[in-house]
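Quick notes on the structure that follows.
The values are calculated or read from the model by the stated rules, or taken from the named source; none is laboratory data. Only a predicted model underlies this, so the values are computations on that prediction, with no experimental measurement involved. Cβ: placed from backbone, ideal geometry, glycine included. Neighbour counts: every protein chain shown. What goes into the accessible areas is simple: the full protein's heavy atoms, side chains included, and nothing from ligands, DNA or RNA. Shrake-Rupley method; radii C 1.70, N 1.55, O 1.52, S 1.80 Å.
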Amino acid sequence: MTIHPAAALLSLMSDYFHLRAVPPSALRNSANWMQRLFEDDWDAVRERIGRHREEVLDKSYLDHELLYAGAEVVLGGLPVYPGDHDKPPFLLLTAARANRVSAYLGSADFEALWLVVREELLPRHGGAVAEREARGVFAAAHRDLTAFYDQTARYGDAVVKWIVH
């Protein structure tokens, strides 16, 4: 099931969207357990990012979602709701679904994706005069997400996603 941007997600756009690889044997179907996955300090997060075990998108994660048109790269996954219903749900991609996302990204043509959404994205990212910079930011995130999902698929891991304050 794909989760599309909802009012709860839109209201939290100043937060960061985290994607974390998790071995299937370690997964727990518990919102409390999933929340603890994202409670590490930034040094630990940066270390995992460097190993392609975690990825972080800034407040423009919904714009990155546009780039991939429902391919579950950013949003998408099975929702697991925290006890505090004021918080957005965790999104869980099984290892099989994460593998499909990896295959999609591995074959995706960034230039083609960019051309489809550039007219919609540019006004929010400095307009035509800032296209080179905006395109560069999205291209870098695309490379990072591709590396993250590639590593995740090679390990056979699942992905847990969440908006973190």
Qualifying positions in the stretch 62-73 - open to solvent by less than 30 Å² (accessible area, probe 1.4 Å) and without any contact (Cβ under 8 Å) to a residue 60 or more places away in the chain: L62, Y68, A71
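Listed here are the residues, each with its yes/no results for (1) over 16 Å from the mean Cα position of the chain (by Cα); (2) on the phi > 0 side of the Ramachandran plot; (3) not acidic (D, E).
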| position | (1), (2), (3) |
| --- | --- |
| G70 | no, yes, yes |
| V74 | no, no, yes |
| K87 | yes, no, yes |
| S102 | no, no, yes |
| E120 | yes, no, no |
| R124 | yes, no, yes |
| A134 | yes, no, yes |
| A139 | no, no, yes |
| T152 | no, no, yes |
Residues being assigned to a helix (DSSP H, G or I) and surrounded by 18 or more Cβ atoms within 10 Å (Cβ to Cβ) - total across the stretch 50-61: 1
Any chance G70 is within 17 Å of Y149 (Cα to Cα), at pLDDT below 85 and assigned to a loop (DSSP other than H, G, I, E, B): yes
Only listed residue being at pLDDT 90 or above and within 17 Å of T146 (Cα to Cα), chosen from E54, E65: E65
Residue pairs meeting the criteria (Cβ under 9 Å; at least 6 apart or on separate chains; first part of a loop (DSSP other than H, G, I, E, B) and modelled with pLDDT under 95, in the stretch 83-105; second open to solvent by less than 60 Å² (accessible area, probe 1.4 Å) and of a type in the set (S, T, N, Q)): K87/Q35
Selection count, the stretch 72-106, where residues are within 20 Å of L62 (Cα to Cα) and among the acidic types (D, E): 2
Check on L115, of a type in the set (A, V, I, L, M), over 24 Å from R154 (Cα atoms), in contact with an Asp or Glu (Cβ under 7 Å, 6 or more places away or on another chain) and free of Cβ contacts under 8 Å to residues at least 40 places away in the same chain: no
Answer residue from the stretch 112-160, given it is in contact with a Phe, Trp or Tyr (Cβ under 7 Å, 6 or more places away or on another chain) and under 30 Å from R36 (Cα atoms) and is surrounded by the fewest Cβ atoms within 10 Å (Cβ to Cβ) among those: H142
Contacts under 8 angstrom Cβ, first residue in the stretch 41-60 being farther than 14 Å from V160 by Cβ, partner of a type in the set (S, T, N, Q) and at pLDDT below 80, 6 or more apart: K59/S14
